[in-house]
């Protein structure tokens, strides 16, 4: 909310003469952007460059000197040059001895080199104190001052004091330093800005595939079948009716898939009689993306909720109401209240709302700041107890929605089951197996295994 | 979102030979799980054990030695044994001198021993540097790698350097260390994983009690009364109609209860003429759970909103619409628009939506990450000004919903008031007293007291 | 959620004799409140005061001595006196030499003095180690123990060890210290508690102005025009119908205004041929409040969504349905389904829901804890790609809602366009210019500029 407040201070002139000089090697885009920002924040900046001619590109208040001269003027030197050119720094080893070198470089792809750029720099200049940092910040954002995104700057390094100096500069620029430990963390920090939602890739592709399948399945049954057999053109169903069958089916199936790997893991452990063997790779990966699957399921459930709520606003819906009432009048009869229908309609709505409500609670607790404020026991309680409660409520909602429709032959157009029946497969399977797993005899055994007991301790892994 | 990214690096082989050896005393479940994780992250691990026979339970890449030999190999020793067996460590005092001992033990209940386990360990081995940590992490989560929950590891200790070493190991495992200060914080850290929503207990029990009362009250008036006196079976009202009377009543009453203790506190201070005396215990406790009460009220308000929005989808509702229109047609008359009704219906809906909207804003600002980014003045503004605005809007919504119905004798079935009247008691009382408290003469006095003024400064506490 | 857990421990008696004595200079309100809290948390407290008579205002367990004697008893001295009285401390320079002085003072307005109070104190007593802290905490909150708001205490200072000592005390009180770097940050920390949503001021005033304009515009067209020309009193439209035209218009216009400055910035850079010149001041300020504009737009969009969903619950709406159906019956005809209408109604609803859904996603990612967990590349993806997607969906929703109504002369009451047409101006302008900017030829040029290329490098700034 209030993140930009620090800018007020950063620009205050009274502090500009107290900051210590910072040296920047390299006058490329990021070096210049960082220099601009530092001068704005009151740091005297001196550039080290091959050509000491003052280029117009460089901030006006900055000095430009040769590398060696510039390095002498500051305790902290920002290395804003590319890894390929690090070699030439070895000639300056004497001048750079004991100085804090800040490696701000990024690579073009993940794990491009065997060792991180910062570790490479530390090997080249063993007498200097190398600190990794600033690479996760965007030059464009530094320049324009619009740091709406994360203000966190990841820092790592082996020398604690050197790290403190760099962290103070980071704070001086109005950013938040995050200590990531020793220089070993540099590779991780260098990989970080290259990622684009790595943990979301599989869940999103899975959802896309499943979504397309459900969409065409539903299109065939609700639009094409009706067109062919009843000669009704309900093509406008594509906008709301079809999505509102696909979304709940997606939500329920994906929600089931969140709990399926836990079921598999339990079965694998029961079968092997130990917890000290790795799960198969696919199961490991699946377990690591449960949170993402759950959030996508929640998104579809939300869409389903809103698509359902707008139903009375549809032209089709008001036309149907009119037709129903007009036909009642013309037949000169008032339909009595069907109590069974009233029960079914009210209870499937109520179950759906309650299930969605618990699901939203789960979603809220998965926000980083909320999940950080609960302990492990509380987290397990929420994700496991509340999670299964939501799954049970949503499955019951779908079962009651269907009612005894699945017994009706007309539910099987072209011998295909309705989409709501398909969506029940995974959650029902999960709930049935889970019910078996919590039977006391099975549960006791599983708990023992999870506490470290082994059936065949001699088993050579 | 992207929390698992660190795993990529942790498994990279290139770093495995650079980490310093860690020694683990004890081969119990947690010791083994931690060892597995450390080996995965590139730390050489040596176990100290009574029996130096290599058990199959221990990770394959780990060495197993006697306690003394193992301790000599590492600067950091993880004490993965139970507090009852700490005594035997005194024999190793010489070997452990100057070493960093990490106490990872947990107790079975809150404040089980007079001093924390870590402090007890520090007393036994005054020559070693004891650091508390890792006890808030689950062995199961370490093992399976699925740390969806908090990655925070609370650390405390008296030696800053020892703490740094342990924090670096924590970071090396892909977790986030949180410095909780000196070893005095160990008891708090040991209590932490044993808690299960301690601040939520009272609010949840209160809501349950209140909810059951409202439910049966409403059941009697809306279902049983109707069945007896009008011979109508509206049992399906249990699914939606009754809850949708209970939820708003709960929401409004609990919302009133959030602001009631503040009112009491002001009255107590005005009466005593000082702020330097503790409030009665019940008031203190009540004030500490206002946030939880507010969030539960918000949950009920949300349920009320959705239960209201699904009304047009109910079979009962469409039957009622049909009946109304058919009867109009049969009487051959079109009802004219009742302007008073239109005004009442529109304004109670609008007030409800606006009140709910402000209430949701309050809920969002109570998210830890949002409330951390506002200062005290802003927080007071939101919670006090916006909070009372929401309360006024919601109370007005309920008042207009009732209209002049409370004057109608038929509103009092079996001489009992409607549930909406009950729900108005607390919020109306709060608003009336608050109105008195903000009268300039009272407010001035109260402000003086809150700034430290005392009516009877000689008052012997 | 669980923030108050630390209180349990803080009050435990077993630790009370282990904490180091803290000295507090000054017995004003904040000094007393802090003393109370420290004693509660187990710190022995000694007050330094001009009058050594024990006042009843001071916590009972605290000692009261002269300034010099009190200072000798503790390593950390909290300076709870006002800046105007700092002078007298110079007489105690000898006693205070080497001590940690914690400046907790606040000013009455932003940047009241040329240097911060803490820096002023450090100048007066160069032999002491000055640490700034605690000023962001409320005395009232410390006293009552109800720290629902931020538990963060900003700390800064030049001496690392002194800072550590103060941070440990902060942790001992159950609060969270946040290191803000060297003493230069003191002015920022002193300004912090005085702010009241500084970045929200402009967006809120803009929204208020725009909202009032739209409201009266809509009132004239929907209520006054109808009253004059059709002699219908639809004054109750003020509650729902009019707001539900104003809210979407506000949402769409403000959402357009979020992306407009980015468009301007691109044009300015293309025109100047460089990114190394500051934007005009108004553009800079506008860019800094885009997030706030977006969140306000989201608030209006949410209100629009709920106001739309309650439509079927309105008395007016049910009267209109009755009238429509009764007139159909009396004319003895059933209207056939209008397929074009069904298409239009369904697709504008679906587009609105999807647009709102993406918009809510944007809102969730702007939560501090979520935006901190994505990297810059991911943040840009969300804010730029998803943002434009939401804008396109919402604009399309409004266009289809209007349909060909804008061609109908009766849409122009008093020659004024409908409000939905006004709301389309900004987003359509943004989308058209953006479309030009992403044409390959323009985009390539712009990308080059943003990577640091300049058209006239000799250009003297």
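Bear in mind these aren't lab numbers, they're just calculated from the coordinates by the rules spelled out. Source: prediction; values computed, not measured. Cβ coordinates were reconstructed from backbone atoms using ideal geometry, including for glycine residues, and neighbour counts include every protein chain displayed.
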(request) Report the antiparallel proportion of the DSSP beta bridges in the protein assembly as shown as a percent, rounded to a multiple of 5. (result) 10 percent
(request) Find every distance from the label point of residue A:432 to the corresponding label point in the other copies (7 Å from Cα along Cα→Cβ) and write them in nm, one decimal, shortest first. (result) 6.1, 6.1
(message) How far apart, in nanometres, would the label points at residue A:281 and residue C:388 be if each is projected 7 angstrom from Cα along the Cα-to-Cβ direction?
(response) 3.7 nm
(message) If you average 1/r across every pair of different Cα atoms in the stretch C:197-265 and take the reciprocal, what Kirkwood value do you get, in Å?
(response) 13.6 Å
(message) Apply the a/c threshold of 1.5 to the C-alpha gyration tensor of the stretch A:54-126 and tell me whether it is rounded, prolate or oblate.
(response) oblate
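Could you check how many percent of all C-alpha pairs in the protein assembly as shown are farther apart than 62 Å? Before the final figure, lay out the partial values.
On the way: 171052 of 955653 pairs.
Tail fraction, whole percent: 18.
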(message) I'd like the distance separating the alpha-carbon centroids of the stretch B:314-336 and the stretch A:376-427, in whole Å.
(response) 35 Å
(request) Would you mind ranking B:29, C:346, B:281 by Cβ crowding within 10 Å, fewest neighbours first? (result) B:281, B:29, C:346
(request) Along Cα→Cβ, 7 Å out, is where each label goes; now give me the distance between the ones at residue C:109 and residue C:399 in nm to one decimal. (result) 5.1 nm
(request) Taking 7 Å along the Cα-to-C-beta vector as the label spot, tell me the residue C:448-residue B:448 distance in nanometres, rounded to one decimal. (result) 7.5 nm
(message) Between 0 and 90 degrees, rounded to the nearest ten: what's the tilt of helix C:29-40 against the longest Cα principal axis of chain C?
(response) 80 degrees
(request) Give the angle, between 0 and 90 degrees and rounded to the nearest 10, that separates the Cα long axis of helix B:339-365 from the longest principal axis of the Cα atoms of chain B. (result) 10 degrees
(request) Enter the Cα centre distance for the pair the stretch B:85-137 and the stretch A:49-110, rounded to the nearest angstrom. (result) 48 Å
(request) Run through the DSSP bridge list for chain A and note the antiparallel percent, rounded to the nearest 5. (result) 10 percent
(request) Please identify which residues in the stretch A:289-319 have an amide N closer than 11 Å to a label point set 7 Å out from the Cα of residue C:357, following the Cα→Cβ vector. (result) A:297-308
(message) Using helices alone, I'd like the mean residue ellipticity at 222 nm for chain A: each DSSP H run of four-plus residues gives -39500 (n - 2.57), total over residue count, nearest 500.
(response) -16000 deg cm²/dmol
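Round to the nearest 0.05 the FRET efficiency obtained for residue C:233 and residue B:65 when R0 = 56 Å and r is the Cβ-Cβ distance. Let's see the in-between values first.
Details: r = 93 Å, r/R0 = 1.66.
So, using R0 = 56 Å, E works out to roughly 0.05.
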(message) At 7 angstrom along the Cα-to-beta-carbon line, where would the label on residue C:126 sit relative to the other copies? Give the distances in nm, shortest first.
(response) 4.2, 4.2
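Can you sort B:91, C:448 by how many other beta carbons sit within 10 Å, fewest first?
Values: B:91 11, C:448 14.
Ascending number of Cβ neighbours within 10 Å: B:91, C:448.
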(message) Under the rule a/c < 1.5 gives rounded, and otherwise a/b versus b/c splits prolate from oblate, where does the stretch B:200-451 land using the Cα gyration tensor?
(response) prolate
(request) Report, in degrees rounded to the nearest 10, the 0 to 90 angle that the Cα long axis of helix B:201-219 makes with the longest principal axis of chain B. (result) 30 degrees
(message) Shape verdict for the stretch B:22-194, please, from the Cα gyration tensor: rounded (a/c under 1.5), prolate (a/b greater than b/c) or oblate.
(response) rounded
(message) If you average the alpha carbon positions of the stretch A:232-306 and of the stretch A:161-206, how far apart do those two centres end up, in angstrom?
(response) 31 Å
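For the residues A:128, C:366, B:235, what sequence is obtained by ranking on other C-beta atoms within 10 Å, fewest first? Intermediate results must be reported in sequence, preceding the final value.
Working: A:128 23, C:366 20, B:235 16.
Least to most surrounded, the residues fall as B:235, C:366, A:128.
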